[in-house]
C-alpha cells in the first residue's frame, strides 16, 4: 500500500498484518505514484482558493501539512470523499484507515446541529452536539445477547445518558428506563 500524501509504502507480514514495514515507494511503482499523487493534489487544491494560488505559483512549495489540512476541510465541507484500501481479514491497512478517520473525518462539533421534532407538540427543535444540551439519540440497532439480554445500540447527538435515566422512545410513544450502559468492543463488553 502506498500513502499518496506521505509518499510511503507499507509492506505487511502475510500472516498477521501487524507492524508493517514502512519504506520509500519502490522504483517500479514510482511513475504511477507520481501520477496519482499529482491527481490527488489537484483535487485537494481545487477545494481551496489560497492553496490553488500557491499551487499555480509552484506546486512543490505546498507542504504535506497544508495538504492534510485542506483535505480535512474539504471532507468536512463535503467537497471530497477520501478512499482507502485494506483488509480486516489480514489486518492490512486497518490502522491507516483508523488514523485517517480521526485526521480527516468530521467530529461531532464539525457537523451542523441535528434538527428534529419535539414529540407531542410537532414543534421543530435543534440539538447541537453538546453534553449540556437535552438528551437526544438515534437507536440504530437492536440485538439480543445471551448473557445481557436485549441491547439497543444508539448514536447520541446531544446531552448525556446515565444508568437509571428515563428517556422517551419516540418509536413506541412511551418512556423507557435505562437499566444499564455497556460499551461494546469487538469481542467483549464493558459496563459503564
I'd like the full set of residues that are in contact with a helix residue (DSSP H, G or I) (Cβ under 7 Å, 6 or more places away or on another chain) and not in a helix (DSSP H, G or I), limited to region 54-71.
62
Looking only at region 178-192, filter to residues that are in contact (Cβ under 8 Å) with a residue 12 or more places away in the chain and farther than 16 Å from residue 156 by Cα; which one of those is farthest from the chain's Cα centre (by Cα)?
179
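Each row is one residue, and each column tells you yes or no for (1) under 27 Å from residue 77 (Cα atoms); (2) buried (at least 16 other Cβ atoms within 10 Å of the Cβ).
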{"site": "2", "(1), (2)": "yes, yes"}
{"site": "10", "(1), (2)": "no, yes"}
{"site": "16", "(1), (2)": "no, no"}
{"site": "23", "(1), (2)": "no, no"}
{"site": "36", "(1), (2)": "yes, no"}
{"site": "39", "(1), (2)": "yes, no"}
{"site": "45", "(1), (2)": "yes, yes"}
{"site": "55", "(1), (2)": "yes, yes"}
{"site": "62", "(1), (2)": "yes, yes"}
Candidates 59, 14, 50 - the one that is at pLDDT 90 or above and more than 20 Å from the chain's Cα centre (by Cα)
50
Condition (residue is assigned to a loop (DSSP other than H, G, I, E, B), loosely packed, with under 11 Cβ neighbours inside 10 Å, in the same structural domain as residue 43 (by TED's automatic domain parsing) and touching a residue at least 12 places away in the same chain (Cβ under 8 Å)) applied to region 82-93: is it met by at least one residue?
yes
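The values are calculated or read from the model by the stated rules, or taken from the named source; none is laboratory data. Bear in mind the structure is a predicted one, so any value in this text is a computation, not a measurement. Heads up, the Cβs are rebuilt from the backbone with ideal geometry, glycines too, and the neighbour counts pull from every protein chain shown.
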